[in-house]
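The values are calculated or read from the model by the stated rules, or taken from the named source; none is laboratory data. These figures come from a predicted structure and were not determined experimentally. When we count neighbours, we look across all protein chains shown, and the Cβ atoms used for this are built from the backbone with ideal geometry, even at glycine. These area figures cover heavy atoms from the full protein model, side chains too; ligands, DNA and RNA do not enter into them. Shrake-Rupley method; radii C 1.70, N 1.55, O 1.52, S 1.80 Å.
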Amino acid sequence: QVQLVESGGGLVQAGGSLRLSCAASGSIFSIKAMDWYRQAPGKQREFVASRTNGGSTTYAGSVKGRFTISGDNAKSTVYLQMNSLKPEDTAVYYCRVWGNAVYWGQGTQVTVSS
């Protein structure tokens, strides 16, 4: 089992920045990658960014150039630095880890006002 604790969400004006964190605990030896997803009201959950243990990163087109995913393998933590935020970035952001199984965090709300 892997437990995930997310933090860093909040309310920010358009053009502002936020940094999300996700800390994993438990069976962390099985983790191969840590990702961020988001779900806006009335929409399906969508991929935002991913980081493998080797440091390879992938981004959704809608956030490329504005968001940066990084991580600290020693701390089993992944971060999402979000810059130039737009109202359409408003969503609940979820951390996901995968390895032997897939685990999801509880989500953290990000609200961007215009």
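Quick rundown of the values:
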item: Scope the stretch 77-97; condition over 28 Å from residue 30 (Cβ atoms), open to solvent by 50 Å² or more (accessible area, probe 1.4 Å) and outside any loop (DSSP other than H, G, I, E, B); matching residues; result: 87, 88
item: Filter result (open to solvent by 50 Å² or more (accessible area, probe 1.4 Å), within 17 Å of residue 54 (Cα to Cα) and touching a Phe, Trp or Tyr at 6+ places or on another chain (Cβ under 9 Å)) within the stretch 1-43; result: 32
item: Only one of 81, 109, 44 that is free of Cβ contacts under 8 Å to residues at least 40 places away in the same chain, of a type in the set (S, T, N, Q) and out of contact with any helix residue (DSSP H, G or I) (no Cβ under 6 Å at 6 or more places or on another chain); result: 44
item: Test: residue in the stretch 53-65 that is open to solvent by 20 Å² or more (accessible area, probe 1.4 Å) and closer than 16 Å to residue 9 by Cβ; result: no
item: Only listed residue being free of Cβ contacts under 8 Å to residues at least 60 places away in the same chain and within 13 Å of the chain's Cα centre (by Cα), chosen from 76, 56, 62, 50; result: 50
item: Condition broken by residue 74, with the remaining ones in (1) closer than 14 Å to residue 28 by Cβ; (2) exposed (fewer than 15 other Cβ atoms within 10 Å of the Cβ); (3) modelled with pLDDT of 95 or more satisfied; result: (3)
item: The stretch 40-58: number of residues that are assigned to a strand (DSSP E or B) and out of contact with any Gly (no Cβ under 8 Å at 6 or more places or on another chain); result: 8
item: Flag for residue 100 being open to solvent by 50 Å² or more (accessible area, probe 1.4 Å), free of Cβ contacts under 8 Å to residues at least 24 places away in the same chain and touching a helix residue (DSSP H, G or I) at 6+ places or on another chain (Cβ under 9 Å); result: no
